[in-house]
Amino acid sequence: MIGKTLLLLLAVAMPIAQPQDESVRGKIHSNRLVGIWRLIRYADTPKGGEPIHVFGESPIGQFIFTEDGHMSVHIMHNPPDPKGAVVDPDPEACIPSWYCGYFGTYTVDAKGHYWVTHVLGGNIPAYIGTDQKRSFKIVGGQLVISEAYISGDTPVTAERVLVRDDGA
């Protein structure tokens with residue numbers, strides 16, 4: 001009787017101890033993104049052009065990834081410009097333009113080539129309620145995020161470089 005009761009208790013308790021989201025299970029503990037990352041480079045380079053540093057040559061920023069699948073991003077112009085433009089026609093612009101931040105939950109693909117953030121809130125109105133995919137690689141102690149987009153008719157390569165800032 002005791003054996004059956006113990007088995008029943010284990011069967012009931014097991015699902016409670018497991019993460020609820022199947023996409024998170026087994027990926028977070030081996031996830032090298034977990035931790036705090038400090039932004040050291042934020043550049044967008046149009047094809048054939050020079051890098052554009054929207055947040056200045058030495059931006060301030062922090063990306064935080066938790067073991068339980070939450071994340072937040074904070075990027076700020078350095079030095080800050082509180083009197084800067086607060087309205088930008090770009091539908092994915094930050095409001096105000098000198099500070100960007102968003103937060104939500106995230107999952108990492110099984111091979112670790114990208115993560116997807118389900119954005120719950122932030123100051124980029126076009127991101128709220130969307131899934132934002134970011135390609136990345138970790139080289140040494142650096143997290144390198146890269147993507148490409150089109151601005152007008154010009155291809156642009158975006159690069160964000162971060163270093164660990166949590167002693168991990």
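Derivation of every value follows stated rules applied to the coordinates shown; laboratory data play no part. For clarity, every value in this text was computed on a predicted model and none was experimentally measured. Ideal geometry is used to build each Cβ from the backbone, glycine not excepted, and the neighbour counts take in all protein chains shown.
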Next on the checklist: Out of everything in region 154-168 that is in a loop (DSSP other than H, G, I, E, B) and in contact (Cβ under 8 Å) with a residue 40 or more places away in the chain, what residue ends up being nearest to GLY61 (Cα to Cα)?
Outcome noted: ASP165
Item to check | GLY140 vs. criteria loosely packed, with under 15 Cβ neighbours inside 10 Å and either among the aromatic types (Phe, Trp, Tyr) or farther than 17 Å from TYR42 by Cβ (or both) | outcome: yes
Checklist entry - In region 118-153, which residue that is β-branched (Val, Ile, Thr) and without any contact (Cβ under 8 Å) to a residue 40 or more places away in the chain is farthest from CYS100 (Cα to Cα)? => result VAL139
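Residue-by-condition table, conditions (1) among the polar types (S, T, N, Q); (2) surrounded by 17 or more Cβ atoms within 10 Å (Cβ to Cβ); (3) over 18 Å from TYR42 (Cβ atoms); (4) more than 14 Å from the chain's Cα centre (by Cα):
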{"residue": "TYR99", "(1), (2), (3), (4)": "no, yes, no, yes"}
{"residue": "ALA110", "(1), (2), (3), (4)": "no, no, yes, yes"}
{"residue": "HIS118", "(1), (2), (3), (4)": "no, no, yes, no"}
{"residue": "ILE124", "(1), (2), (3), (4)": "no, yes, no, no"}
{"residue": "TYR127", "(1), (2), (3), (4)": "no, yes, no, no"}
{"residue": "ASP131", "(1), (2), (3), (4)": "no, no, yes, no"}
{"residue": "ILE145", "(1), (2), (3), (4)": "no, yes, no, no"}
{"residue": "TYR149", "(1), (2), (3), (4)": "no, no, no, yes"}
Checklist entry - Residues in region 124-140: is at least one under 15 Å from GLY69 (Cβ atoms) and either of a type in the set (Val, Ile, Thr) or touching a His at 6+ places or on another chain (Cβ under 9 Å) (or both)? => result yes
